[in-house]
1. Would you please name the residue that is surrounded by the fewest Cβ atoms within 10 Å (Cβ to Cβ), looking only at residues in the range 26-46 that are part of a helix (DSSP H, G or I) and either modelled with pLDDT under 90 or not assigned by TED's automatic domain parsing to the domain that holds ILE149 (or both)?
2. Examine the range 86-101 for a residue that is over 15 Å from the mean Cα position of the chain (by Cα) and modelled with pLDDT under 85, and state whether such a residue exists.
3. Looking only at the range 90-139, filter to residues that are among the hydroxyl-bearing types (Ser, Thr, Tyr) and surrounded by fewer than 11 Cβ atoms within 10 Å (Cβ to Cβ); which one of those is farthest from PRO32 (Cα to Cα)?
4. Among the residues of the range 146-194, which ones are under 20 Å from CYS81 (Cβ atoms) and of a type in the set (Val, Ile, Thr)?
5. Considering only the range 49-75, state which residues are on the phi < 0 side of the Ramachandran plot and in contact with a Leu (Cβ under 8 Å, 6 or more places away or on another chain).
6. Only one of these is assigned by TED's automatic domain parsing to the domain that holds ARG60, more than 22 Å from the chain's Cα centre (by Cα) and over 27 Å from VAL94 (Cα atoms): LEU206, LEU127. Name it.
7. Tally time: how many residues in the range 172-192 are within 19 Å of the chain's Cα centre (by Cα) and surrounded by 14 or more Cβ atoms within 10 Å (Cβ to Cβ)?
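The values are calculated or read from the model by the stated rules, or taken from the named source; none is laboratory data. These figures come from a predicted structure and were not determined experimentally. Glycine also receives a Cβ, built like all others from the backbone with ideal geometry; neighbour counts cover every protein chain displayed.
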Amino acid sequence: MPVVGRGPPFYSFAMARDPSAALADDDAPPAPRPELGELFIAFAKMSLAGFGGVLVWARRGIVEKHRWMTADEFNETFALCHFLPGPNIVNLSVVFGSRFRGIPGALAAFTGLLAPPVLIVTALAALYAHYGEIDALRRTLAGVASVAIGLLFAVSFKMLLPLLRKRDPLAIALLIAVFVAIGVLRLPLPMVLSVMVPLSMVSTYLMRRRAS
């Protein structure tokens, strides 16, 4: 049976209550492999909770709640999904499901992720076509967008913690270089990836070879 995480949904609350407990949640040993039904239900819950983005809830469900991956494993898998074409979270559902249950697992996670929001968005689109001009609705949507941005910052910081705890100067230097290249200099993402991904792989290989 999956073990429910001790930390609450938002990292800032967990750190305010007990920083060591919040960090320990990420390092707990993984739980047994999920069944197909568990994959479908878990990703369906993530998609239904993920207003403004599913990444926050995907990490919380996979790492903290169900213990199916460690924090490092999630970061590595999500990094791979970033590099693949297509929506990152959809790639994550396929990669994650196939890792544990092969092609049936990929289909279960993929269907659970997309089926509920497709049905809901279809219904909401019909309502928005009739009531989208109402000022109260516009203000509500603006508030939802602000919450989504806050959640994104929170989960980004939480994903950064395992890297900071390792105190790997090379990894931190590469992270800063990518941030500057994309966030400050506004260089094209494909060009940055084509340079930084091979550089990081070669650097990691050389450092591990030297250490051994």
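1. ASP27
2. No, that holds for no residue.
3. TYR131
4. Across the range 146-194, the qualifying residues are VAL155, VAL178, ILE182, VAL192.
5. VAL54, LEU55, VAL56, ALA58, ALA71, ASN75
6. LEU127
7. Qualifying residue count, the range 172-192: 2.
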